[in-house]
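Engineer: I have a structure I would like to understand better, so I am pasting it below and will then ask my questions one at a time.
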Amino acid sequence: MYGRELLYEVYGPKTLLEMSWLEVEEALQVTDIALLPLGSTENHGPHLPLGSDTFQGTDFARRVLVKLEERGIRAVAAPCMPFGVNYHMLPFPGSLHVSADTLRRVILDVGASLVHHGFRKLALIMGHGGNFATMQVAAQELAERHGCRVLALNWLPYLTAHYHEILTSGQKEGHAGEGETARMLVSTPRLVRLDRARAHYPAPPSRPIEADQHPVYGGGVFRALLSYKEVTPYGNVGDPARATREAGERIYELCCEWMADVIAREFGPAPSLT
């Protein structure tokens, strides 16, 4: 039975969804930097909502805005794209896939709109790992078409190098595992169902090879996958029940500091536009 219960709370800063055109016009007087997070709607195990990547992508963008302002840099964030490249998740009900070409075209159109308004420096923020290859292609094409500056940011390699300082399992955590569940306990705790969490660790490879990881994690091996059920029957990798809100806050802090550092270095303080 449907109800009108509170599902989740939203904290600032505002994205374009919550801003008026006048607020955007005022922002353009002091910045030409825009963030564009890209998420998905897909399986995240039995314990997390399908929109986990989109909720996290939004939270990443909002928090990076704060980190940039601490560095004396103003920026504006676009709403997080809720659809991504995830064909392999279709065996799990509710997952919604768009092709890489469709995503590329949407990034190009949204990016062109931002450039039209005066945002000449764009930072694409990965909320879903399956989008990153397309983000790189679109970033280059945006730069070539409009003469603007574009970054595609993937925080996972940096985070993976620090996961051992935060996570408790001592094993390889992955999709919708301890780390991602911890972030969701921060972003939308009311939507997390730890009572439904199931631990699953895929069997390790018969012969370990250095850098045998997906490129989104910093490795050098991409495996085309038709169904994520080949990896896990539950839709997650790791032990979500170990997740804590405190760990989620630490992860967000690490990743957003890193992204803000990169954006600040690459784009610097916005020039005076008045």
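Engineer: Under a Cβ-only charge scheme (Lys and Arg +1, Asp and Glu -1), can you give me the dipole magnitude of the range 21-267 about the Cα centre, in debye to the nearest 20?
Structural biologist: 320
Engineer: Among 31-42, 125-136, how do they line up by average Cβ neighbours within 10 Å per residue, starting with the highest?
Structural biologist: Packing proxy ranking, top to bottom: 31-42, 125-136.
Engineer: Would you mind ranking Arg145, Arg183, Arg4, Arg74 so that the residue whose beta carbon has the fewest other beta carbons within 10 Å leads the list?
Structural biologist: Arranged by neighbour count, lowest to highest, Arg145, Arg183, Arg4, Arg74 become Arg4, Arg145, Arg74, Arg183.
Engineer: Apply the Kirkwood formula to the chain: the hydrodynamic radius equals the inverse of the mean of 1/r over all pairs of different alpha-carbon atoms; give it in Å with one decimal.
Structural biologist: 19.3
Engineer: Here's something else I'd like to know. For the chain, give me the percentage of DSSP beta bridges that are antiparallel, rounded to the nearest 5 percent.
Structural biologist: Taking every DSSP beta bridge within the chain, about 10 percent pair in antiparallel fashion.
Engineer: For the ranges 103-113, 198-208, 212-222, what's the packing order if you count other beta-carbon atoms within 10 Å of each residue, average per peptide, and put the highest first?
Structural biologist: Ranked by mean Cβ neighbours within 10 Å, highest first: 103-113, 212-222, 198-208.
Engineer: Okay, next question. For the peptides 164-177, 13-26, 51-64, what is the packing order when you average, over each peptide's residues, the other Cβ atoms within 10 Å and list the highest mean first?
Structural biologist: The most tightly packed comes first, giving 51-64, 164-177, 13-26.
Engineer: Ok, one more. For the range 44-86, what does the alpha-carbon gyration tensor say about shape, rounded, prolate or oblate, given a ≥ b ≥ c as the root eigenvalues, a/c under 1.5 as rounded, and a/b over b/c as prolate?
Structural biologist: prolate
Engineer: For the chain, what does the helix formula give at 222 nm: sum of -39500 (n - 2.57) over DSSP H segments with n ≥ 4, over the residue count, nearest 500 deg cm²/dmol?
Structural biologist: About -11500 deg cm²/dmol.
Every read-out reported here was derived from the displayed coordinates using simple, explicitly stated rules and does not represent laboratory data. All values reported here derive from a predicted model rather than from experimental measurement. For neighbour counting, all protein chains shown are included, and Cβ atoms are generated from backbone atoms with ideal geometry for every residue, glycine included.
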